[in-house]
Amino acid sequence: MSLLSIMDVSASGLNCEKLRMELIAQNIANIETTKTSAGGPYRRQVAVFKETLRNELNRSANPGKFMGAGVQAKIVTDNAPALMVYDPQHPDAGQDGMVAKPNINLANEIVDSITASRAYGANVTVFNATKSMALKALTVGRG
Amino acid sequence: MNISSLNSKLYAANNIFTTSRDSQNDLKSASASKNFGQILSQQLEEVNSLQKDADRLTEDFLVGEPVEIHQMLIAMEKADLALRQTVEIRNKMLEAYKQITNMQI
């Protein structure tokens, strides 16, 4: 595995953390959304990470060797039940005065956003370390 | 030093170059009949394509295409590293060339 392909692995990590941050932003922006095109309140979306398929294929073809190709993420909708709040004045209130609010907990989202931002930083740090390794390798035999 | 012994030394050096070239060919395993120049131009082509990637991503980013900042920066870093490596290889080659041209026979 060359140093440049390690950079691709870091890039995939950055992409995935960015997607996670996007979804958190989307969730927090829609924390009061009670209407969606699908009907009902907005549902929380989360990013689920998995190793890329190429990793698994490489590993089964070359057991005992590291063959990484990074991570990939997909968007999953959280199926937790909507939050029922009593608010008879709300235009979307039902007969009993209950409004279905999105199943989003602000504290969870904020903690997730901190995790995502730190993980993004960690990937950048790995990238920089890889770069300094490559630059160091270029000085072999000099001086 | 007589010329025949120098000749045999040159022959040995030539052998070393040939074997290193062969091992490069093994790595590439594309064709057995590649010479050093072809390998060099192939590598230069790769460096060039990295530079082009970086250029394209930077342009797209500036124009407002959906390019992530990190994608652009990583492409630029890759191009930078590849260029540095190329310069390093050029320096080595020039050094070797100078050593040979300075050889007194």
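Before moving on, here are some points about what is shown:
- Fluctuation leader among A:121, A:97, A:40 - chain A, Gaussian network, Cα springs under 10 angstrom: A:97
- Highest-first packing order for the peptide set A:71-81, A:11-21, B:78-88 is A:11-21, B:78-88, A:71-81, based on the mean count of other beta carbon atoms within 10 Å.
- Each stretch of four or more DSSP H residues adds -39500 (n - 2.57); spread over every residue of chain A, this sum gives -17000 deg cm²/dmol at 222 nm.
- Take each residue of peptide A:9-20, count the partner chain Cβ atoms within 10 Å of its Cβ, and average: the result is 2.
- With 29 Å as the limit, the listed pairs B:34/B:98; A:131/B:98; A:18/B:78; A:50/A:131 have A:131/B:98 beyond it between alpha carbons.
Here, each number is a calculation from the coordinates, and none is a lab measurement. Everything quoted here is computed from the prediction, not taken from an experiment. Neighbour counts are summed over all protein chains in view; Cβ atoms, including those assigned to glycine, are modelled from backbone coordinates with ideal geometry.
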